[in-house]
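For reference, the structure is listed below as structure tokens.
What follows is calculated from the coordinates using simple rules that are stated; it is not laboratory data. Everything quoted here is computed from the prediction, not taken from an experiment. Every residue, glycine as well, gets a Cβ built from its backbone with ideal geometry; the counts of neighbours run over all protein chains shown.
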Amino acid sequence: MDKRVDTNLHCPVCKKQRFWYTGKIVSKRNGAIIVYNKCPHCQSAFLSAIAGSQSDYNNNVKRLVSVETLTDCNYEEVSKSFHKQPLTVDDVLSVYTSLLK
């Protein structure tokens with residue numbers, strides 16, 4: 001079994017090498033971590049959702065999956081939005097009825 005870790009991470013925009021330790025953790029929930037990153041080369045900001053599992057039956061190999069998305073928000077804006085209460089059905093209906101008027 002190959003146990004190497006990919007340490008050759010690149011910015012999704014400019015493709016220059018970057019490192020995870022420059023990111024700031026925004027949220028930790030349900031086994032996933034959201035990290036705010038800003039490329040030191042091109043200054044592009046993006047969020048990384050990192051989730052892991054340990055479900056490889058006999059080998060107990062830790063697997064990580066990362067999904068990234070670009071953002072034009074700064075860390076404070078992203079952090080604030082992650083710590084708000086989720087929308088409810090009543091919130092959606094309220095907006096919908098106000099749009100009908």
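Brief remarks on what is shown
- With both labels modelled 7 Å from their Cα along Cα-to-Cβ, the Q43 to C14 distance reads 1.0 nm.
- Residues in segment 96-101 carry Karplus couplings, in order, of 4, 5, 5, 6, 6, 6 Hz; the curve used is 6.51 cos²θ - 1.76 cosθ + 1.60 with θ = phi - 60°, and Gly or Pro positions show x.
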